[in-house]
1. Given just the C-alpha atoms of the chain, how large is their convex hull per residue in cubic angstrom?
2. Return the whole-Å distance between the Cα centroid of the range 14-83 and the Cα centroid of the range 327-349.
3. Could you calculate, for the range 231-296, the ratio of the Cα radius of gyration to the Kirkwood radius, expressed as Rg to Rh?
4. The range 170-285: percent of C-alpha pairs farther apart than 17 Å?
5. In the chain, what is the count of Lys pairs whose alpha carbons are under 28 Å apart, counting only pairs at least 8 residues apart or on separate chains?
6. Once you keep just the Cα pairs under 8 angstrom separated by 6 or more residues, what percentage relative contact order results for the chain?
7. Once fully extended, how much extra length lies between A119 and T461, figured as 0.36 nm per residue of separation less the alpha-carbon to alpha-carbon distance?
8. Positive end of the dipole of the range 308-407, charges at C-beta (+1 Lys, Arg; -1 Asp, Glu), about the Cα centre: which of A362, T330, G319 has its Cα farthest in that direction?
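Bear in mind these aren't lab numbers, they're just calculated from the coordinates by the rules spelled out. Keep in mind the model is a prediction, meaning the values are calculated, not measured. With ideal geometry, Cβ positions are generated from the backbone for all residues, glycine too; neighbour counts draw on all protein chains shown.
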Amino acid sequence: MSENPLAPQHLRFPTDPSALTARIWPASATRTDDGELVVGGVTASDLVAEFGTPLYVVDERDVQSRAVRVRNAFTEAFERIGTRAHVYYAGKAFLTTQVAAWMVAADLRVDVCTGGELAVALAGGVDPALLGFHGNDKSDAEIARAVAVGVGTIVLDSHEEVQRVARAAADAGVVQRVRIRINSGVHASTHEYLATAREDQKFGIPLTEAVTAAEAVRAEPSLVFVGLHSHIGSQIFDESGFREAARRLMDVHATLVATGPVPELNLGGGWGIDYTEADSAFEPEDVADALATIVAEACAERDIPVPEIAVEPGRYIVGPAGITLYRVGTIKPVTLADDDHAPATRTFVSVDGGMSDNARPALYGADYTARLARTSDAPAVLTRVVGKHCESGDIVVNDEYLPGDVHRGDLLAVAATGAYCWSLASNYNHVGRPPVVAVADGVPRILVRGESIDDLLARDTGVVPGA
Ligand SMILES: Cc1ncc(COP(=O)(O)O)c(C=O)c1O
């Protein structure tokens, strides 16, 4: 067997289709002597015997060590330039009460963007003063709740929110710390739906209107202006976007320093992770050093104090620490031929989940890496791993070489599903969302139970009890 002409250029024919490349799989992922996949000291078959498939599995230690690594990288880089760094975990990537508690244990703050995420973070024991609250369309109720519980900073996303948050704070008799989210106009090189600082999108206030917005905040006695915020997008590999956004923000920051205090600057998240061999993520230490250098130089040039820095990564912390286990079902070889190449076969491997537990391939054309839970010497074949939903776009892994003896009943693992999979999950086709299990030291622990058919029927008022 050899390279399949239907394979995309970035997918190389593997020397070993069972290999677990360290930068793609959770830190604890390995194989037993018999070749079975193990995460957190628990074999895939044991996990599935207890919790079924599909199953989200999170390497608890990996999440914690990634969180600590980011915190240390930023603390050290910004200490070198004489200031402090605050790392917020972006809860939208994956938030349960236990995940929130891990972040507290790692000394991270938490960023939420809805009343629901706020409730989970609080239930997970996050000190409200260490929460950031985002959102381009916060309801009055969400703002009132955030103010009432004492959220550390609210990130204002529009001019009208200045007055709305000021009123809520005044009504509650408190002074609320706020940031202003700026649309820096930096076009991050990522999928269009993941780029959040292009001009023609919904987030933030344009750079040119930042001073007006900050003056409006400063005029409100119930608000304290903490600083500017920028998040240019997600799954970004090109550092230059972060550098450029930081430079642009520093220009406005300096203008505002001339007229009042601006203690902090929030540079967002968005660092890419390796989903496939073709990706090459940068190290958090490199991002931290690059940003510290830019901030230090910008402050020295303008002779202004170095602000405290905040960042808010999500994907980097949880993405590579998670996998999803599926059971293989129908296998269908499809032979194609066109003008460009001779007949070639793509093998469609169906699994018992799909776009309801991982919307990213359908939403962003995202690529993933898959491996069978067992090893095999069978020659690799080009496969497309697909779900069980009634959509041809229900793809789990677009292109992957799997052992040619893949068969119904096999367990299949998809790597790097820790971020934006469970949090984007749906009940499409009335498929229940899978459970989430944390593994560490050979012990699995359920974080969120899966949804049963009873759960799916529970909110349907037409269901006749006992029928
Ligand atoms: C405002 C904001 N901050 C942080 C993040 C986290 O991004 P990532 O998970 O890519 O680090 C996002 C993601 O969309 C975001 O919108």
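1. Working: hull volume 78.2 nm³, N = 467.
Taking only Cα atoms, the chain has a hull volume of 167 Å³ per residue.
2. 32 Å
3. Details: Rg = 13.8 Å, Rh = 13.1 Å.
Reported Rg/Rh, Kirkwood definition of Rh: 1.06.
4. 57 percent
5. Working: K92/K138; K92/K202; K92/K388; K138/K202; K332/K388.
Close lysine pairs under the 28 Å cut-off: 5.
6. Details: 1059 pairs, mean separation 95.5, N = 467.
For the chain, the relative contact order is 20 percent.
7. Values: separation 342, 0.36 × 342 = 123.12 nm, distance 2.60 nm.
Going from the current span to full extension adds 120.5 nm.
8. Selected residue: T330.
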